[in-house]
Amino acid sequence: MFKPLKPLFEAVRLPWKLKAKLEEKEKEIDNLEDRIEQLEEEKNSWRERFEAEKERRSELSRKKQEAEEERNRLMEKLEENSERSEEDQEDNLTTDNSEFQDLGFSEAVEALEKIKSVNSPDRDLATIYSPRELSEVSGLKTLKNSISSERFS
């Protein structure tokens, strides 16, 4: 019982044939290691982007909350001022003689300058400096009669 040698040679791997296969496998391993390194770098890049975006959103959320708190604070302040203003107006209406007030010289000059600056193209406005209360002047005719003819134009 003798077996032919040919199948035996096929079963035996010769070292010079293994070297080429080994080099091919080493090259494939190097390529896979390079690909792993690329994927690791890409993963790190995505992780950094994710962390930066997470931080940016956190900062925006914090700023939004601060802005809402500031807005609420200002709205409360506005409401308080509005209430205070309404109370002041009511107080002014209830105080006696609230329409009249004594003016100092400089305040009177400023008031007169403001009054002088008012004008109308129809010339239908009048400036009145009255030594007595205007409630005594019942109409335009009474007003006209109270002013001397030299001053009325």
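Taking 0.36 nm per residue of separation and subtracting the Cα-Cα distance, what length does fully extending ASP30 through SER85 add?
Length gained between ASP30 and SER85: 11.7 nm.
Can you find, among ASN44, ILE29, LEU18, the residue sitting farthest towards the positive end of the charge dipole of the range 13-92, where Lys and Arg contribute +1 and Asp and Glu -1 at Cβ?
LEU18
Hey, got the dipole for the range 13-92? About the Cα centre, +1 on K and R Cβ, -1 on D and E Cβ, debye to the nearest 20?
Dipole size: approximately 1560 debye.
Hey, rough spin-label estimate for TRP46 and LYS116, points 7 angstrom out along Cα→Cβ, what's it come to in nanometres?
Each label point is offset 7 Å from its Cα along the Cβ direction, giving 8.0 nm.
Given the Cα-Cα distance of ALA20 and GLU66 and 0.36 nm per residue of separation, how much length would full extension add, in nm?
Stretched fully, the ALA20-GLU66 segment lengthens by 9.7 nm.
Read the figures in this text as sums done on the coordinates, not as results from a lab. Here the structure is a predicted model, which means the values were calculated and not measured. Positions of Cβ are generated from backbone atoms using ideal geometry, with glycine treated the same way; all protein chains shown enter the neighbour counts.
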